[in-house]
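Colleague: A single structure is presented below for examination.
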Amino acid sequence: MFENLSIPVGPSSCAEATTAKEAAYRIDYTLAAARNTRVVALDPAAEEVVRAAARLEWEQARFYLTSDPGDRLVTMQGEAVALTDEIAESNTLIMVSVSGANSAAMAHLGEACYRRGIMTAGLAMTPEHLDSDALHHLRPHARVLIVPAEPDDLVELLWATRA
């Protein structure tokens with residue numbers, strides 16, 4: 001039925017992409033700089049996950065531990081630093097919780113980021129429980145919430161946000 005149709009064959013789309021006409025539509029600027037992400041472990045079990053991620057190579061990500069009330073953070077090397085100083089240049093804060101401990105710290109971190117317009121994410125690392133203290137305490141303070149999170153989800157989130 002269609003045997004006698006003559007379909008003109010033009011240049012392939014790859015060949016067209018190299019023409020000057022198509023080059024006018026290319027984006028000629030570099031990608032945005034890496035995000036200044038801060039990752040905070042909120043309990044001892046979350047600390048293991050955060051320390052594992054911190055061992056990888058990142059552009060601008062920094063990793064911390066905290067405890068109630070959350071106004072101080074502790075670097076992976078054990079140095080205590082003020083929360084306000086560490087998030088001053090940040091545009092993303094990721095809170096990681098397994099047990100739901102340190103709920104006052106979660107609230108303090110969430111409020112500090114809200115006041116500064118910093119995007120917050122929470123990872124409730126409770127793979128066998130959709131209803132947990134970690135989820136309940138993170139929910140009000142994280143704009144993005146991953147439940148139930150696996151340890152690899154932190155690394156994937158950091159890659160996705162160009163940390």
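Colleague: Specify which of the listed residues (ALA142, ALA149) is closer than 19 Å to LEU83 by Cβ, touching a residue at least 24 places away in the same chain (Cβ under 8 Å) and open to solvent by less than 50 Å² (accessible area, probe 1.4 Å).
Modeller: Matching residue, one of ALA142, ALA149: ALA142.
Colleague: Using the structure shown, decide if LEU145 is part of a strand (DSSP E or B), among the hydrophobic types (A, V, I, L, M, F, W, C) and either touching a Gly at 6+ places or on another chain (Cβ under 6 Å) or over 21 Å from ALA53 (Cβ atoms) (or both).
Modeller: yes
Colleague: Out of the residues in the range 148-163 that are of a type in the set (D, E, K, R) and assigned to a helix (DSSP H, G or I), state the one that is farthest from LEU56 (Cα to Cα).
Modeller: If we take residues in the range 148-163 being of a type in the set (D, E, K, R) and assigned to a helix (DSSP H, G or I), then ASP153 is farthest from LEU56 (Cα to Cα).
Colleague: Here's another thing I want to ask about it. Given the conditions (1) under 15 Å from ARG35 (Cα atoms); (2) open to solvent by less than 20 Å² (accessible area, probe 1.4 Å); (3) of a type in the set (A, V, I, L, M), report the number of the one that MET95 does not fulfil.
Modeller: That leaves (1) as the condition not met.
Colleague: Restricting attention to the range 114-122, does a residue exist that is in contact (Cβ under 8 Å) with a residue 40 or more places away in the chain, under 18 Å from the mean Cα position of the chain (by Cα), closer than 13 Å to ALA46 by Cβ and buried (at least 19 other Cβ atoms within 10 Å of the Cβ)?
Modeller: So far as the range 114-122 goes, no, none of its residues is in contact (Cβ under 8 Å) with a residue 40 or more places away in the chain, under 18 Å from the mean Cα position of the chain (by Cα), closer than 13 Å to ALA46 by Cβ and buried (at least 19 other Cβ atoms within 10 Å of the Cβ).
Colleague: Of the conditions (1) closer than 25 Å to ALA160 by Cα; (2) surrounded by fewer than 13 Cβ atoms within 10 Å (Cβ to Cβ), GLU79 satisfies every one except a single condition; which number is it?
Modeller: Condition (1) is where GLU79 drops out.
Colleague: Please give the number of the condition GLY70 fails out of (1) open to solvent by 70 Å² or more (accessible area, probe 1.4 Å); (2) more than 15 Å from the chain's Cα centre (by Cα); (3) not aliphatic (A, V, I, L, M).
Modeller: The number of the failed condition is (1).
Colleague: Please go through the range 39-60 and give me each residue that is outside any helix (DSSP H, G or I) and either over 23 Å from ARG115 (Cβ atoms) or of a type in the set (A, V, I, L, M, F, W, C) (or both), ordered by number.
Modeller: Listed by number, the residues that qualify are VAL39, VAL40, ALA41, LEU42, ASP43, ARG55, LEU56, GLU57, TRP58, GLU59.
Colleague: Would you please list the contacts, defined by Cβ atoms under 9 Å and residues six or more apart or on different chains, that run from a residue in the range 61-77 that is part of a loop (DSSP other than H, G, I, E, B) to a residue that is of a type in the set (Asp, Glu) and surrounded by 16 or more Cβ atoms within 10 Å (Cβ to Cβ)?
Modeller: Between residues of the range 61-77 that are part of a loop (DSSP other than H, G, I, E, B) and residues that are of a type in the set (Asp, Glu) and surrounded by 16 or more Cβ atoms within 10 Å (Cβ to Cβ), the close pairs are SER67/ASP43.
The values are calculated or read from the model by the stated rules, or taken from the named source; none is laboratory data. Please read these numbers as outputs of a predicted model, since none were measured by experiment. Backbone-built Cβ (ideal geometry, glycine too); neighbour counts: all protein chains shown. Just the protein is used for accessible areas: all its heavy atoms, side chains included, with ligands, DNA and RNA removed. Shrake-Rupley method; radii C 1.70, N 1.55, O 1.52, S 1.80 Å.
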